[in-house]
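Chemist: Please read through the structure below; I'll follow up with questions.
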Amino acid sequence: MLEPDIRKELHIKAKEDQFYIRCVVRKDIWILDYFLSMILEPKYGSQRNWIEQWINGENHKTAFLAFWGNELVGFLCLKNNPDKNYLKISTMFILTKFRHRGRGSFFLEVAENLTRVYCKSELSVTVSEKDENTIGFFRSKDFKVIDKLKDKYQKGTTEVVLKKILK
Ligand SMILES: CC(C)(COP(=O)(O)OP(=O)(O)OC[C@H]1O[C@@H](n2cnc3c(N)ncnc32)[C@H](O)[C@@H]1OP(=O)(O)O)[C@@H](O)C(=O)NCCC(=O)NCCS
């Protein structure tokens, strides 16, 4: 997780005036609850403990929300386990109406920059085999499939592990 002071200060302003991303704070709880129930739990089953991890940085997680003005654009969660030599994209999601405008690529840039900040050289992500578009996105960004895991989140579902070695 990021140190508390950095978490407070981090507010990444993108090139366009209205688009920005910032760390999750406790007052975001209702957004996080909605996001978890509507988007993640149908894919991964009940994961109520994730909300506290996103807010408190438990389990080495740092979570970000992206906005266009007041509108929610997407969610990014990174996991920096000190025992691993890579940074993990724990969750990355751009709302449908904001896709294909470079937002996912921007999230990836943030993840890659933070990988370097943590003095790591690899970025990893796990995607359900059913999410062909998401796998296509990461492959187009030089991620390579390194493993497949059966029944990790949901019984009967295979997860694809992808990794990118940063230059
Ligand atoms: C994957 C995702 C983050 C991409 O976000 P995005 O904002 O649309 O991405 P960008 O606009 O930056 O980049 C899209 C580019 O990636 C590449 N790309 C995307 N999907 C691709 C595919 N299936 N095959 C090949 N290239 C692909 C293309 O170059 C594409 O450019 P285009 O839009 O001009 O065609 C978004 O689709 C998403 O959130 N999907 C759901 C992810 C999910 O389920 N997350 C939960 C588990 S972690």
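Coordinate-derived values only; no laboratory data. What you are looking at is a predicted structure, and each value in this text was computed from that prediction instead of being measured. In this analysis, Cβ positions are derived from the backbone assuming ideal geometry, glycine residues included, and neighbour counts consider all displayed protein chains.
Chemist: Contour minus end-to-end for Lys130 and Lys84, with contour as 0.36 nm per residue of separation and end-to-end as the Cα-Cα distance?
Modeler: Numbers: separation 46, 0.36 × 46 = 16.56 nm, distance 2.67 nm.
Gain on stretching Lys130 to Lys84: 13.9 nm.
Chemist: Now for a separate question. Just to verify a number: FRET efficiency for Tyr20 and Lys150, C-beta to C-beta distance, R0 = 45 Å, to 0.05? It would help to have the intermediate numbers written out before the result.
Modeler: Details: r = 39 Å, r/R0 = 0.86.
Once rounded, the FRET efficiency stands at 0.70.
Chemist: Another question, if that's okay. Kindly identify the range 87-131 as rounded, prolate or oblate by the Cα gyration tensor criterion: order the square roots of the eigenvalues as a ≥ b ≥ c, call it rounded if a/c is under 1.5, otherwise compare a/b with b/c, prolate if a/b is larger, else oblate. Walk me through the intermediate numbers first.
Modeler: Working: a/c = 3.28, a/b = 1.46, b/c = 2.25.
Because a/c hits 1.5 or more and a/b fails to exceed b/c, the range 87-131 counts as oblate.
Chemist: Also, I was wondering about something else. What number do you get for the chain when its Cα radius of gyration is normalised by 2.2 N^0.38 Å, N = residues?
Modeler: Details: Rg = 15.2 Å, N = 167, 2.2 N^0.38 = 15.4 Å.
So the Cα radius of gyration is 0.99 times the expected 2.2 N^0.38 Å.
Chemist: Would you please give the FRET efficiency between Lys167 and Glu52, computed as 1/(1 + (r/R0)^6) with r the Cβ-Cβ distance and R0 = 41 Å, to the nearest 0.05? Each step should come with its number before you reach the end.
Modeler: Values: r = 36 Å, r/R0 = 0.87.
Efficiency computed from Cβ-Cβ geometry: 0.70.
Chemist: So, one more: Hey, what do the phi angles of the range 89-99 turn into as Karplus ³J(HN,Hα) couplings, whole Hz, using 6.51/-1.76/1.60 and θ = phi - 60°, x for Gly and Pro?
Modeler: 7, 6, 8, 9, 8, 10, 4, 3, 5, 9, 6
Chemist: I need the helices of the chain that pass two filters: whole DSSP H segments spanning 20 Å or more by Cα along the axis, and mean Kyte-Doolittle score no lower than -0.5. Walk me through the numbers on the way to the answer.
Modeler: Details: long enough: 103-117 (21 Å, 0.13).
Qualifying helices: 103-117.
Chemist: Checking the table Lys97/Lys167; Lys79/Lys152; Lys61/Lys141 against a 29 Å threshold on Cα-Cα, which pairs fail?
Modeler: Values: Lys97/Lys167 32 Å; Lys79/Lys152 17 Å; Lys61/Lys141 23 Å.
The pairs that break the limit, which is 29 Å between Cα atoms, are Lys97/Lys167.
Chemist: Turning to a different aspect of this structure: At 222 nm, what helix-only mean residue ellipticity would the chain give, in deg cm²/dmol to the nearest 500, using -39500 (n - 2.57) for each DSSP H run of four or more?
Modeler: Numbers: 6 runs with 49 residues, N = 167.
So the calculated ellipticity at 222 nm is -8000 deg cm²/dmol.
Chemist: With +1 on each Lys and Arg Cβ and -1 on each Asp and Glu Cβ, and nothing else charged, work out how big the dipole of the range 4-120 is about its Cα centre, in Debye to the nearest 20. Mind dumping the intermediate values first?
Modeler: On the way: 19 positive and 13 negative charges, 44 e Å.
Its charge dipole is roughly 200 debye.
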